[in-house]
Amino acid sequence: MKEKRVRVRFAPSPTGALHIGGVRTALYNYLFARQHGGDFILRIEDTDSTRFVPGAEEYIQESFKWLNLPFDEGVGVGGDKGPYRQSERRDIYIRYVDQLLADGKAYMAFDTPEELNAMRESVANFQYDASTRMQMRNSLTLSKEETDALLAANKQYVVRIKIEPNEDVRVNDLIRGEVVINSSVLDDKVLYKSADGLPTYHLANVVDDHLMEISHVIRGEEWLPSAPLHVLLYRALGWADSMPAFAHLPLLLKPEGNGKLSKRDADRLGFPIFPLSWTDPKTGETSVGYREADYMPEALVNFLALLGWNPGNDQEIISMDEMIRKFDLEHCSKSGAKFAYQKAVWFNHEYILMKSDREIAELFAPIVKAHGVDVSFEKVVTVVGMMKNRVNFVHELWELCSFFFVAPTAYDEKTVKKRWKEDSPREMTELMHVLEGIDDFSIENQEKIVMDWIAAKGYHTGNIMNAFRLTLVGEGKGPHMFDISWVLGKEETLARMQRAIKVINQL
Ligand code: GLU
């Protein structure tokens, strides 16, 4: 048998911001497609008009742009199996609704909400299925004339799948193995509503997966309960032979305790749950996204890749190319993956270290500029190189490094008390003369000359260095002293020292 071309889809419903779990699902689909030289498709499942949220689709597209996980086909890209937005495929679904009705695989049900409620009240655990459908008002219990009369009168109805009871339905899941469910526990799910002329999720999802020639349905565990119904739908539509393979990914769990990761956990523990910031159009509430929280997309992707999958060992830092090469559904776990968000911070730190100083400087330079500093890019690169190992996020560099760019105007009181001795003004004035005489202002040369001077004078190294630091930084922090003076250059170093001696003496 000829192997089917690998075609996978990410099929979000535009009901709000994309949850980080959805990003993980999309990532696994992307890796799988890339590995097999297949297609990664974006389909928008917007048949539930009551849950449609404006802006959500654009948000989804922008998210994947930022994450650098491009689609090959679908909404925003195009392709020859479109349209890829389900709301634009009404006519297609109607054809299959008609086919199912004609083949006796589905039926029309006219029960009003009141009638359904009455049933729910009188029958314990009521379910619309083989055991109850013959007591309901549908095209199976009504005569052809009665049904036609209701249709002619424009009465609203739904189309339900007719599930035959007592049959073991098998779902072959590439992660979970064979999952068997007896059809008697399933209900006759609604496939179509005449009220809006739209199919429900189940029908649209199956029809589209078939027509778009999807080879593998890789999605979250929350869709596993729908899989037996989907298998039955494939059969009812006569497509059993070309059914896609299923793989249901493990749940993302709360960082602590049990249960599924929720926005509430994220808010409480202070980490983002969405890739990009999102303002809820109803409540006006804004949630900060990973992008705005200053995560690098590569770091986030690496973190997410390992939530439910591993490369067969405990390797953690994995490049995109390597992930594409190594990804496999066999190494996806069945059990839920704890969303250890501190690990995402760690990944971001590691990616800052891995990237070149220039790459990080590209990200940091705009922050420096936003603080009104006009400085050469080369200087930013140098400072980044000295300081990036101390931060988890690029924006943290400013707090740590601003003294490289902006001379101190005030001097930290505590540090002054502790570090500025009686002899400091005189010693610093002497040091200024020593530095002034140095032609080669390299780190090594400065260090050698200053250390020789300290030794010759019999000064206390700690006292000198602490006071020197205070004059250049304004407080007691920062890297190696001569790194600082070298970056500042001779002129700026001397100017800062002079100002410090004057200002601190007047305190
Ligand atoms: N529209 C569903 C969702 O929002 C798609 C589920 C699937 O991938 O089949 O996740």
Checklist entry - R0 = 35 Å: FRET efficiency of residue 213 with residue 126, Cβ-based, nearest 0.05? => result 0.35
Checklist entry - What spacing in nm lies between the two simple spin-label points modelled at residue 320 and residue 436, each 7 Å away from Cα in the Cβ direction? => result 5.5
Checklist entry - residue 334 to residue 99: extension gain in nm, 0.36 nm per residue of separation minus the Cα-Cα distance? => result 80.9 nm
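So what is Rg over Rh here for the range 311-405, counting just Cα atoms and using Kirkwood for Rh?
Numbers: Rg = 17.4 Å, Rh = 15.5 Å.
The Rg/Rh ratio comes out at 1.12.
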Next on the checklist: List the lysines whose Cα sits under 23 Å from the Cα of residue 448, skipping any in the same chain fewer than 8 residues away.
Outcome noted: 457, 477, 490
Item to check | Expected 222 nm ellipticity per residue - DSSP helices of 4 or more, -39500 (n - 2.57), all of the chain, to 500 | outcome: -14000 deg cm²/dmol
Checklist outcome for this item: Highest mean packing first, using Cβ neighbours within 10 angstrom, the peptides 388-399, 246-257 sort as 246-257, 388-399
Next on the checklist: Could you work out the relative contact order of the range 17-151? I mean the mean sequence separation of Cα pairs under 8 Å and 6+ apart, divided by the number of residues, in percent.
Outcome noted: 19
Checklist outcome for this item: Of all GluC sites (Glu not before Pro) in the range 127-190, the ones in DSSP coil with at most 15 other Cβ atoms within 10 Å are 167
Item to check | Cβ crowding within 10 Å averaged over residues, with 464-472, 300-308, 369-377 ranked highest first | outcome: 300-308, 464-472, 369-377
Checklist entry - Under 5 Å between amide H atoms, partner at least 5 residues away or on a different chain: which partners does residue 167 have, H built in plane at 1.01 Å? => result 183, 184
Checklist entry - Mind ordering 20-28, 102-110 by average Cβ neighbours within 10 Å, highest first? => result 20-28, 102-110
Next on the checklist: Rounded, prolate or oblate for the range 102-156? Axes are the square roots of the Cα gyration tensor eigenvalues, ordered a ≥ b ≥ c, and the cut-off for rounded is a/c under 1.5.
Outcome noted: oblate
Item to check | Accessible area expressed per residue, the chain, with surrounding protein chains retained (probe 1.4 Å, Å²) | outcome: 48
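In nm, what is the difference between 0.36 nm times the number of residues separating residue 373 and residue 292 and their Cα-Cα distance?
Numbers: separation 81, 0.36 × 81 = 29.16 nm, distance 2.23 nm.
Extending this stretch completely gives an extra 26.9 nm.
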Item to check | Computed FRET value (nearest 0.05) for residue 49 with residue 166, which takes r as the C-beta separation and R₀ as 56 Å | outcome: 0.95
Checklist entry - Expressed as a fraction of 2.2 N^0.38 Å, the rule-of-thumb size for a compact globular protein of N residues, what is the C-alpha radius of gyration of the range 438-507? => result 1.09
Item to check | With every protein chain in place, the range 74-204: carbon and sulfur % of accessible area (1.4 Å) | outcome: 49
Item to check | Straight-distance crosslink candidates among lysines, where the alpha carbon sits under 18 Å from residue 105 and sequence neighbours closer than 8 are dropped | outcome: 144, 162, 189, 193
Checklist entry - For the range 168-234, what does the alpha-carbon gyration tensor say about shape, rounded, prolate or oblate, given a ≥ b ≥ c as the root eigenvalues, a/c under 1.5 as rounded, and a/b over b/c as prolate? => result oblate
Checklist entry - Too long at a 21 Å Cα-Cα cut-off: which of 388/414; 263/388; 260/326; 343/369; 355/388? => result 388/414; 263/388; 260/326; 343/369
Checklist outcome for this item: With a 1.4 angstrom probe the carbon and sulfur portion of accessible area for the range 297-374, in percent, totals 52
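Would you work out the relative contact order for the chain, in percent, from Cα pairs under 8 angstrom that are 6 or more residues apart?
About 12 percent, as a whole number.
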Item to check | Residues listed by number, the range 83-101, amide nitrogen under 20 Å from residue 242 label point at 7 Å toward C-beta | outcome: 83-86, 89-101
Checklist entry - Given a 1.4 Å probe and every protein chain left where it sits, what share in percent of the accessible area of the range 3-66 is carbon and sulfur? => result 50
Item to check | the range 104-242: Cα Rg divided by the 2.2 N^0.38 Å rule of thumb | outcome: 1.13
Checklist entry - Relative contact order (percent) for the range 93-164, with alpha-carbon contacts under 8 angstrom and 6 or more residues of separation? => result 50
Checklist entry - GluC sites (Glu not before Pro), restricted to the range 1-60: which are DSSP loop and have at most 15 other Cβ atoms within 10 Å? => result 3
Item to check | Kirkwood Rh (inverse of mean 1/r, distinct Cα pairs), the chain, angstrom | outcome: 27.8
Item to check | Inter-centroid distance (Cα atoms) of the range 293-334 relative to the range 114-132, Å | outcome: 47
Item to check | Coarse-grained scattering of the range 354-471 at q = 0.17 Å⁻¹, given as base-10 log I(q)/I(0) from a Debye sum over alpha-carbon atoms | outcome: -1.00
Checklist entry - Which residues' amide hydrogens lie under 5 Å from the amide hydrogen of residue 373, considering only partners 5 or more residues apart or on another chain, with H built in the peptide plane? => result none
Item to check | Cα-Cα separations in the range 280-358 greater than 14 Å, expressed as whole percent | outcome: 68
Checklist entry - What's the FRET efficiency of residue 426 with residue 448 using the Cβ-Cβ distance as r and R₀ = 22 Å, to the nearest 0.05? => result 0.45
Next on the checklist: Need one number for the range 224-315: average projected area of the convex hull over its C-alpha atoms, nm².
Outcome noted: 9.9
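The values are calculated or read from the model by the stated rules, or taken from the named source; none is laboratory data. Since the structure is predicted, the reported quantities are computational estimates derived from the model, not experimental observations. As a convention, Cβ positions derive from the backbone with ideal geometry for all residues, glycine included, and neighbour counts pool all protein chains shown. In case anyone asks, the SASA skips ligands and DNA or RNA and just uses the protein heavy atoms, side chains included. Shrake-Rupley method; radii C 1.70, N 1.55, O 1.52, S 1.80 Å.
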